[in-house]
């Protein structure tokens, strides 16, 4: 069947029109941010530099794209229209079925829709896994840097042991089918997912131990909410059926936390060893504050700048890693619309059809670029502070 096509200008207009909820959200959020930037602390200061504005715009663009994916994407990412196999950009689906704005892939799926839905996978796994890695690294790095001695030696040895292993090979081992079928990923998840609960429980206890009414409430909420999320993620036993994670995503999640947390640990440990020599730490010790209070409420807030910068860079690194794993067919399901899998599927026919590979490649590059720009702007602002 002979396909009909729209022109390049109409393709661009069609893409811009499909992204209308993203543009509207950007206008509202950026407008409010500019008006109240003096009150928004570090986030508001990002709008003082061009690099910061560019980083914020790119990251917000992909965030809103992921949120409104079901509205923006014209087709289901797994839907196949046989006549649209390897269709060029702008191909019109017969019988008024819509337009493949960026063409079709080798399985006759809409490239534009798969790119849009792929952003959901990246923006769920990469930031969440990075956050958990930071939780693990902070929880272990604080006592290692503050106490020193045997505690530091033992934890540093474990961190160096993991860091000594090639990262790509480590990820490859953790997401291979042989490991996925064993209890190892769930055992590691059970350990890693405990750290946020422990962190917030200790955080609230050190702050409100002299105010039992508030302390008991916060501890109860921590255990209740944390336990609910923990049971849903680790055991897939959420009684409400809200919290769950695909086994393939869980493996990647665990692999990212396992490989990234030692690096966070070393950064936190170094920051603590430097900050604990400051005068205000000596003043807190003189007041009789407990070590964990000093670590969580005196040292950690003053280490937030480097940690935020590192978090942005790690999200970008994790995004690239997800793309690499998807390219090699590891981790996520083969039909997944994630950007790495899309690039892998398109690369096999790259000499004949280049258009299916370009959108996920540009998406991956632009998101990582936005995170790097955001990290550079945050680094500049943290140095000023």
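Please treat every number below as a calculation from the coordinates, not as lab data. Not measured: the values here are computed from a predicted model. Using ideal geometry, Cβ is built from the backbone for each residue, glycine included, and neighbour counts are taken over all protein chains shown.
Multiplying the sequence separation of residue 92 and residue 280 by 0.36 nm and subtracting their Cα-Cα distance, what value in nm do you get? Could you put the intermediate results ahead of the total?
Values: separation 188, 0.36 × 188 = 67.68 nm, distance 6.72 nm.
Stretched out fully, the residue 92 to residue 280 stretch lengthens by 61.0 nm.
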Quick one: among 165, 253, 132, which has the greatest mean-square fluctuation in a GNM of the chain with alpha-carbon springs under 10 angstrom?
-> 165
Among 168, 67, rank each residue by its count of other Cβ atoms within 10 Å, from fewest to most, as a rough exposure measure.
-> 168, 67
Out of (1) 22.0; (2) 38.7; (3) 23.1, which label holds the value of Kirkwood radius over Cα pairs in Å that was computed here?
-> (3)
In which sequence would 16, 107 go, from the one with the fewest C-beta neighbours within 10 Å to the one with the most?
-> 16, 107
With springs connecting C-alpha atoms under 10 Å apart, model the chain as a Gaussian network and identify which of 72, 32, 111 has the largest mean-square fluctuation.
-> 32
Rank 110, 310, 274 by mean-square fluctuation in a GNM of the chain with C-alpha springs under 10 angstrom and give only the top-ranked residue.
-> 274
Cα pair distances exceeding 24 angstrom across the stretch 120-318, given as percent | 45
Calculate for the chain the 222 nm mean residue ellipticity that helices alone would give, adding -39,500 (n - 2.57) per DSSP H run of length 4 or more and normalising by residue count, nearest 500 deg cm²/dmol.
-> -22000 deg cm²/dmol
Relative exposure of 348, 109, 207, judged by other C-beta atoms within 10 Å (fewest first) = 348, 207, 109
